[in-house]
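K.L.:
Quick one: the structure is below, questions incoming.
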Amino acid sequence: MLQDFVLADGIGLIGSVIIVCAYYLATRGILPADKVLFNACNIVGGALVMVSLIYRPNLGAIVIEVMFLLIAALAIWRNMRSAS
């Protein structure tokens, strides 16, 4: 398995760590889930996971990542609208 590990896998792994860290911090009350930073972490992490999915496609993972990216983008848009 490790011999099949490529750069895209590492990028996806970094994305996964970013997403998990954001959710952990949100559950601890450190990073509010309704703020831009939390959703930005999800967008960056999701985008990095999507890079790995380009090289190793998995339809279920692609669908869930696209949905999470859309939810995070909508949350940021809503936060920006309410701030102005």
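The values are calculated or read from the model by the stated rules, or taken from the named source; none is laboratory data. Since this is a predicted model, take the numbers as computed values, not measurements. All Cβ positions, glycine included, derive from the backbone under ideal geometry; neighbour counts span all protein chains shown. Just so you know, the surface numbers come from the protein's heavy atoms only, side chains and all, with ligands and any DNA or RNA stripped out. Shrake-Rupley method; radii C 1.70, N 1.55, O 1.52, S 1.80 Å.
K.L.:
When you scan segment 55-65, do you find a residue that is acidic (Asp, Glu) and over 25 Å from PHE5 (Cα atoms), even just one?
P.N.:
no
K.L.:
Given the criteria in contact with a helix residue (DSSP H, G or I) (Cβ under 9 Å, 6 or more places away or on another chain), over 19 Å from ALA75 (Cα atoms), in contact (Cβ under 8 Å) with a residue 24 or more places away in the chain and open to solvent by 50 Å² or more (accessible area, probe 1.4 Å), does LEU13 qualify?
P.N.:
Yes, satisfied.
K.L.:
For segment 25-48, which positions are assigned to a helix (DSSP H, G or I) and farther than 18 Å from ALA75 by Cβ?
P.N.:
If the condition is that a residue be assigned to a helix (DSSP H, G or I) and farther than 18 Å from ALA75 by Cβ, then LEU48 is the only one that fits.
K.L.:
Take ILE54 and decide whether it is open to solvent by less than 60 Å² (accessible area, probe 1.4 Å), of a type outside the set (Ser, Thr, Tyr) and not in a loop (DSSP other than H, G, I, E, B).
P.N.:
The answer is no for ILE54.
K.L.:
Same structure, new question: Looking at segment 62-84, I want the residues that are at pLDDT below 95 and among the small types (Gly, Ala, Ser) and have a partner that is open to solvent by 60 Å² or more (accessible area, probe 1.4 Å) and not in a helix (DSSP H, G or I) with Cβ atoms under 8 Å, at least 6 apart or on another chain. Which pairs are those?
P.N.:
Once the first residue is at pLDDT below 95 and among the small types (Gly, Ala, Ser) and sits in segment 62-84, its partners that are open to solvent by 60 Å² or more (accessible area, probe 1.4 Å) and not in a helix (DSSP H, G or I) give ALA75/ASP34.
K.L.:
Can you tell me which residue among ALA40, ALA22, ALA33 is of a type in the set (Gly, Ala, Ser), within 23 Å of SER82 (Cβ to Cβ) and modelled with pLDDT under 95?
P.N.:
Of the residues listed, the single one that is of a type in the set (Gly, Ala, Ser), within 23 Å of SER82 (Cβ to Cβ) and modelled with pLDDT under 95 is ALA33.
K.L.:
Can you say whether PHE38 is open to solvent by less than 50 Å² (accessible area, probe 1.4 Å), in contact with a helix residue (DSSP H, G or I) (Cβ under 9 Å, 6 or more places away or on another chain) and of a type in the set (Phe, Trp, Tyr), as far as the supplied structure shows?
P.N.:
It is true that PHE38 is open to solvent by less than 50 Å² (accessible area, probe 1.4 Å), in contact with a helix residue (DSSP H, G or I) (Cβ under 9 Å, 6 or more places away or on another chain) and of a type in the set (Phe, Trp, Tyr).
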